[in-house]
1. Could you please tell me which pairs satisfy a Cβ distance under 8 Å, a separation of 6+ or placement on different chains, a first residue in segment C:262-280 that is touching a residue at least 60 places away in the same chain (Cβ under 8 Å) and farther than 18 Å from B:Y128 by Cα, and a second residue that is surrounded by 12 or more Cβ atoms within 10 Å (Cβ to Cβ) and not charged (D, E, K, R)?
2. Can you pull out the residues in segment B:194-205 that are more than 7 Å from chain A (Cβ to nearest Cβ) and surrounded by fewer than 21 Cβ atoms within 10 Å (Cβ to Cβ)?
3. Right, B:T259: in a loop (DSSP other than H, G, I, E, B), out of contact with any strand residue (DSSP E or B) (no Cβ under 6 Å at 6 or more places or on another chain) and of a type in the set (S, T, N, Q) or not?
4. What helices (runs of 4 or more DSSP H) lie completely within segment C:168-244 and have 3 or more residues being within 20 Å of the chain's Cα centre (by Cα) and in contact (Cβ under 8 Å) with a residue 60 or more places away in the chain?
5. May I ask you to list the residues in segment C:185-196 that are surrounded by fewer than 21 Cβ atoms within 10 Å (Cβ to Cβ) and at pLDDT 85 or above?
6. When segment A:195-209 is examined, which residues are found to be surrounded by fewer than 20 Cβ atoms within 10 Å (Cβ to Cβ) and not in a loop (DSSP other than H, G, I, E, B)?
7. When segment A:215-235 is examined, which residues are found to be assigned to a loop (DSSP other than H, G, I, E, B) and under 21 Å from A:G49 (Cβ atoms)?
Amino acid sequence: MAEPLLAVRGLRKHFGGLVATDGVDLEVAEGETLAVIGPNGAGKTTLIGQLSGDLRPDAGTIRFAGADVTALPAFARSHRGLARSFQITSIFREFSTLDNVALAVQAHAGHSFRFWRPARAEAALREPARAVLEQVGLGGRGDVAAGTLAHGEQRQLEIAMALATRPRLLLLDEPVAGMGLDESVRMVQLLRALRGGHTLVLVEHDMDVVFALADRISVMVYGRVIATGSPEAIRANPEVRRAYLGEEVSA
Amino acid sequence: MTSRRRALTMAVALAALAAVPLAAAALNQPFYLDLFRRIMIFAIAAVSLDIILGYGGMVSLGHAAYLGIGAYAVAIPALHGLHSAWLQWPLAMALSGLAALVIGAVSLRTSGVYFIMITLAFAQMLYYVGISIEPWGGDDGMRLPGRSRLGGPLDLGDPHVFYYVVLAILAVLLLAGERVIHARFGTVIRAVKSNEARLQAIGVASFRYKLAVFVLAGAVCGLAGALLANQTEYLTPSYMHWTRSGDIMVMVILGGMGTLAGPVLGAAAFLLLENVLSAWTVHWQAILGPLLVLVVLYARGGLWSLVPGGGARDG
Amino acid sequence: MTGLLVVEQLLNGLQLGVMLFLVAAGLTLVFGIMNLVNLAHGSLYMVGAYFAVAFLGWTGSFAAAVVLALLATLAVGMLVEVVALRTLYERDHLDQVLATFGLILFFNEAVAIVWGRAALFASVPPALGGFVELLPGLRYPVYRAVIILVGLAVALLLYVVVSRTRLGMLIRAGASNRTMVAALGVNIRLLYTIVFGFGAALAGLGGLMAGPIYTVQPGMGEELLIEVLVVIVIGGIGSIRGALVGAVVVGMVDTLGRAFLKPMLATVVSPAAADSAGPALASMLIYILMAAVLYFRPQGLFPAARS
């Protein structure tokens, strides 16, 4: 059997006395969509941070695309094919929408020690950026300052920037956070379309989104994964129900 | 402001600067030639700081260190009979760049408050080193044995020639700066200021770019230092004192940071203000201080933002 | 180089360290709790020194001068906080740097206007003059010994306040989560003003004690400030314990370096080389130390845990 694209073993992370990640094991096969769910404070964002390279785990390993990336910084993981979108929108607000995406393209188009030619004149950066904007549905918004986009559009830009780096695996931290119903539906359609060519690891609270997209679900509580399986299996799992709904619920 | 408008404004400003020597001669006020030359030299230093501060978001309180290094890179060879500007000035830039490389390599590992304090500390360290080296005048400084020699008809002893040399350097710097800001490199630097975490997430190893721009800024400031030594013909370690760094920072902010024209305006405003205020009272800093506080609190865009159509950040 | 000489320099290093601590404690608290870069903290040290000289001249009594100078510095500190610094808490660090730089310019000129630019002479009070024999053969100035004792007493006081009192609890809470403390209904503004005033008083104490030993002149605050910043960077921003450890370490390294580096160098290189390189290297020591600490622990030795 092929090695999973992403394999996490025994991941541990604490902040002072607080244990945020308490021995997490995860595997994601290429092409599949894994959703990570759990109550607030379960440690999902900390997990994403360690997967993307923004946080250093205290123990455990992360293997991606056949190599150990545990000690690799975020920018290096990006070049291995790991891209992330942020829960709290993190874009270049002063740049135009197109410039945001073009910069992501630029980051993977050789080095940036170029001092003379305007970056805006490089068609090799602009064209792919435009294409990605079309793909996420921001086709006409390229010239708008990113900071002035509507919230939902900014979330789309988040995805666009991750996509522009041509990743193998997308780490999506609450992609529909703060979105209204229509926007969420559009986002789900976009993510559905992405599933074919990419592997997705998705942290979400919105269960409709989770069930619409996930091949498998992992449930995290207090920093550990208490169950992993198909959506049906997870729905029926008594431990999961207890974790979410408390002790009082009957099966 | 569109780039065409910016270019036009820049051209007008440079033309105005070019006209100063003629005006000074006509009014028989050679002092103004000297003053505006000083303004341009500090404008070069201020632009170099703005590249890392206004565009890159790196608040370096130790930039004057490179001013001092550049100055001494002219004086010390001159002391040993080496007067060629073609030796001294590249040396000034190389040494300043090297110092920036070392200081940057340590400082850029930190950020925020730590970064401010560390750049300040390192610059002050150089100042203390400077005052303890007796052969180079120590605390009292030293006289420049003679101005740098450019060769041929370019005699820096002639105030007009010197003026136009400085103007040419400033013009080249502004032109080059304009290109760099919009090139890949400048885009990355501006992104560092905007959202460095995001920049790393999309795959840019931001540290090397920050260090590179830090070195470039240091080298350019070193050139300003070399010109300053020629201007005053006397240099002391106080060129590196952190309050000098503060002055340059004030020029950048006063003029409008994050723009190329802003620091030039700011240098002019600061030095002209100093000139005017110190004629009133020897305690002019007691006025400048609160004035600065007020500008910071209420007029953040600086003077450039008051120019019609100006103020919009480059990029 | 006798053992007694070493002990004497160790004591001097401790004395410098204690002085640095007094100024660093206030500064690190202000950084840590209010997230404010206050370059003008050195000015409060300077103001304390000037007030002490002035009040001594007025009243003739050292004790009265100390009390009055402390109160006056406290008042100036609180006034500055209310008038100029309040608006800066919300601003970014660059704004704070510039605004407090402006304050430095103002304070330096203000003291020059009132007292002139020349250095003032502050004498050691007669009651604290003379020497005390600490060890056989080692006579140490009483005044410096008193400074050390006062500094250590203040450190102890701060420890008690911060870890045992309600105010201290608020300070520690504020250092790690400002918004939460405000949300709990604590009067944040008042807390800030108190903290700032406290820090100002400490700096003023340092200044008034420093008067007789170092020169009282415009700009004296900034010379100390740089070393204080090194202390805080080494110790960790927001941490009083870090400020104490950092201060003692910096005080020792600086003093011992200046005293012994040149003679030590002279044993390996020529006296002439040691003569020129010695002082230069000695002045670099604390910065090299800072760089080394930062290399291994970029957050300093005892960073205050932040959320």
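The values are calculated or read from the model by the stated rules, or taken from the named source; none is laboratory data. If you're wondering where the values come from, they're calculated on a predicted model, not measured in any experiment. Positions of Cβ are backbone-derived with ideal geometry, glycine not excepted, and every protein chain shown enters the neighbour counts.
1. Close Cβ pairs (under 8 Å, with a partner that is surrounded by 12 or more Cβ atoms within 10 Å (Cβ to Cβ) and not charged (D, E, K, R)) amount to C:P263/C:A274.
2. B:E196
3. For B:T259, the condition - in a loop (DSSP other than H, G, I, E, B), out of contact with any strand residue (DSSP E or B) (no Cβ under 6 Å at 6 or more places or on another chain) and of a type in the set (S, T, N, Q) - is met.
4. Output list reads C:188-210, C:220-235.
5. The answer is C:T193, C:I194.
6. Those that are surrounded by fewer than 20 Cβ atoms within 10 Å (Cβ to Cβ) and not in a loop (DSSP other than H, G, I, E, B): A:M207, A:D208.
7. Once the filter is applied, which keeps residues that are assigned to a loop (DSSP other than H, G, I, E, B) and under 21 Å from A:G49 (Cβ atoms), segment A:215-235 yields A:Y222, A:G223.
Conditions tested, residue by residue: (1) surrounded by 19 or more Cβ atoms within 10 Å (Cβ to Cβ); (2) of a type in the set (S, T, N, Q); (3) away from chain B (no Cβ under 14 Å).
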{"residue": "C:V67", "(1), (2), (3)": "no, no, yes"}
{"residue": "C:L70", "(1), (2), (3)": "yes, no, yes"}
{"residue": "C:T73", "(1), (2), (3)": "yes, yes, yes"}
{"residue": "C:R86", "(1), (2), (3)": "no, no, no"}
{"residue": "C:H93", "(1), (2), (3)": "no, no, no"}
{"residue": "C:V97", "(1), (2), (3)": "yes, no, no"}
{"residue": "C:G102", "(1), (2), (3)": "yes, no, no"}
{"residue": "C:F107", "(1), (2), (3)": "yes, no, no"}
{"residue": "C:I113", "(1), (2), (3)": "no, no, no"}
